[in-house]
Amino acid sequence: MKKTLFVGTVLLFGVSISLTVDAERSAAQGPAGVGASAATQDSSHSLHSLNPIKWVKKDSRNSTDALGSRSEVEKKLTPSLQARGILAANATVTDACAPFTALDECLAALHASHNLGVDFNCLRADATGVHTGADVSGCKVADGEKAQGLNKAIHQLKPDVNAKQATKDAEQQAKDDLKAIGG
């Protein structure tokens, strides 16, 4: 009796699973027959893209693309940074920021260099891992070293300073510079 009840339960369970799977398969294929195209347009599946790239919201307010091209932004920033003594009078933001992939990272490095009294060429070489034609012989930079990021570069050049706070302050100043020229 128990064996018959057990077999019946397993059989019932198997039939219910197969019916559920078949129903999902037919629903996944969409409607068929007269009016099928109208039904697919009204379907909730067409309102949501299956491409995950389209799920990411792009905030164009913080990007330099919203302000114009990078070279235009650099031209706008150069006089302002030179006037405040953050950038040397004979230098341009374009030349100073060439090794950086993002302009805001370069601006943060410029501000950190100015705030802490660190040579910008040393900080740039340490943060980016790129050794330009500038003289870095007096820096604590090892040749062939990888990019460390601003926080670690500050810590290496000025171990007695709170590098995390200095980085945070410099990044905020860089954001403020970009906002100032953006309107």
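Points to keep in mind about this one:
- Top-ranked residue in the range 144-164 [being among the aliphatic types (A, V, I, L, M) and outside any helix (DSSP H, G or I); ranked as nearest to Gly129 (Cα to Cα)]: Ala147
- Flag for Ala127 being modelled with pLDDT of 70 or more, under 20 Å from the mean Cα position of the chain (by Cα) and within 23 Å of Ala153 (Cβ to Cβ): yes
- Within the range 169-183, being free of Cβ contacts under 8 Å to residues at least 60 places away in the same chain and surrounded by 14 or more Cβ atoms within 10 Å (Cβ to Cβ) holds for one residue alone: Asp169.
- For the range 151-162, filtered to residues that are hydrophobic (A, V, I, L, M, F, W, C) and within 14 Å of Asp126 (Cα to Cα), the residue that is surrounded by the fewest Cβ atoms within 10 Å (Cβ to Cβ) is Leu157.
- Test: residue in the range 97-106 that is among the hydrophobic types (A, V, I, L, M, F, W, C), over 13 Å from Thr167 (Cα atoms), within 25 Å of the chain's Cα centre (by Cα) and assigned to a helix (DSSP H, G or I): yes
- Considering the range 101-122, the residues that are of a type outside the set (Asp, Glu) and farther than 17 Å from Gln173 by Cα include one that is surrounded by the most Cβ atoms within 10 Å (Cβ to Cβ), namely Cys122.
The values are calculated or read from the model by the stated rules, or taken from the named source; none is laboratory data. Everything numeric here is computed off the predicted structure, so don't read it as measured data. In this analysis, Cβ positions are derived from the backbone assuming ideal geometry, glycine residues included, and neighbour counts consider all displayed protein chains.
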